[in-house]
Structure formats: C-alpha cells, structure tokens
1. Looking at (1) closer than 15 Å to residue 64 by Cβ; (2) over 11 Å from the mean Cα position of the chain (by Cα); (3) at pLDDT below 85, which is the only condition residue 93 fails?
2. Starting from residues that are closer than 17 Å to residue 67 by Cα and among the basic types (Lys, Arg), keep the ones in segment 1-57 and report whichever is modelled with the highest pLDDT.
3. Can you tell me which residue within segment 98-120, out of those that are of a type in the set (Val, Ile, Thr) and modelled with pLDDT under 70, is farthest from residue 57 (Cα to Cα)?
4. Which one of the conditions (1) within 24 Å of residue 177 (Cα to Cα); (2) more than 13 Å from the chain's Cα centre (by Cα); (3) at pLDDT below 85; (4) surrounded by fewer than 20 Cβ atoms within 10 Å (Cβ to Cβ) does residue 83 fail to meet, given that it meets all the rest?
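The values are calculated or read from the model by the stated rules, or taken from the named source; none is laboratory data. Just so you know, these numbers come straight off a predicted model, no measurement behind them. Note that we place each Cβ from the backbone using ideal geometry, even for glycine, and neighbour counts take in every protein chain shown.
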Amino acid sequence: MSGNPEARTDLRLLEGLAENWWLMLLRGLAAIVFGALTFGWPAASIIVLAIVWGGYALVDGVLALWAGVIGRTTARAARWWLAAVGVLGILAGGLALAWPGITAMVLMFFLAGWLFAVGVLQLWGAIRIRKEVEGEIWLALSGLLSIGIAVLLVAQPAAALLAMAWAVGAVAILVGISYIALGFRLRRALGVSRGGA
C-alpha cells in the first residue's frame, strides 16, 4: 500500500476530511435547519424559498471552501474537491440572493443543476475514500439523494411550489443527517489514526 501513489492520495483525502470533521457536522446542521425552515413555511412564496435556499447554499459553500483552504492535509484531491463544492455553493447562493424574484421554473432548474453538480462531487469523494474508511456510504448516499432530487425537479418542472418545497426540505434533512453521521465517522477515523500512530 505504501508504494501505491493512488492509495496514498486517497489516504490523504481521508485525513483531510477527518481533520475537518466538525465542518461536515456544521454543514449537516445547516442542511437540517434549511429543511426545517422549508417545512415550516410550506406555502411560502418563491422569493422566500429562494432567499432561504440561497442562504443555505451560501453557508454550505463557505464551510466547504473553508475546509478546503484551512485543511492541514497536503492532498490536492481533498482540497480541490472541497473547494469546488464550496465555490459552487457560494456562486449558487449568491445568485439566488441577488435575484430572489426569479420564477419557480428557473429556480427549479437552477436548484437541479446545483444539486446534480454537488451530488456528482459527493459520489466522487465517496469513491476516493472507499478503501480507507468504513461508512463512506453516507457520503455516497448524500450524493445520490442530491442527484435524485435534481432529476425529479427536471422531470417535473410544472410541479407545485408546495411539493417542491417539501421535497427540497426532506432531501435537505436527509442530506444533513448523512453529513452529521459522516462527520462523526470521520472523527472516529481521525482518533483511530492518531491513536495508532
């Protein structure tokens, strides 16, 4: 294993995520708060939904970018992946906050694009760390959930705003739970690696 450069890169990716496990936990809590707010205002106008979602995407993006920038790992893969998720979130959230009056159709496609891109990045991260940690399924699950809701939004663009709000809220809560579970798994992995060193 020590002679395999890809295995070393994957291990550094895992170490980078584990060192910042608390940021994954914060991202999970932010997703759950966003989901709860969406359920709390099911009949909210598209402007309120855009502002709430834009705020969540912005916070999630800042936390992911922060994890990519301040991570103590030297693994470029870990930094690139977290920074890409962060930049996507900041851009998506900033656009939604700048133009909250966009139509429901535009918001659905915008949201679908963001969810799909983040889902693909989450799946990529899960594949990269699968040999190094048990529980990578949580990261893969969050990626699959994000991709699944993106496909649903594109397939049913004329769905009612209420249904979209509930679907987005449910996915946000599920993704938040999976982030929190992954955060605690990474914390344990960090403790094991430090204890075994």
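1. Evaluating residue 93 over (1) closer than 15 Å to residue 64 by Cβ; (2) over 11 Å from the mean Cα position of the chain (by Cα); (3) at pLDDT below 85 leaves (3) as the failure.
2. That would be 27.
3. Among residues in segment 98-120 that are of a type in the set (Val, Ile, Thr) and modelled with pLDDT under 70, the one farthest from residue 57 (Cα to Cα) is 103.
4. Every condition holds for residue 83 apart from (2).
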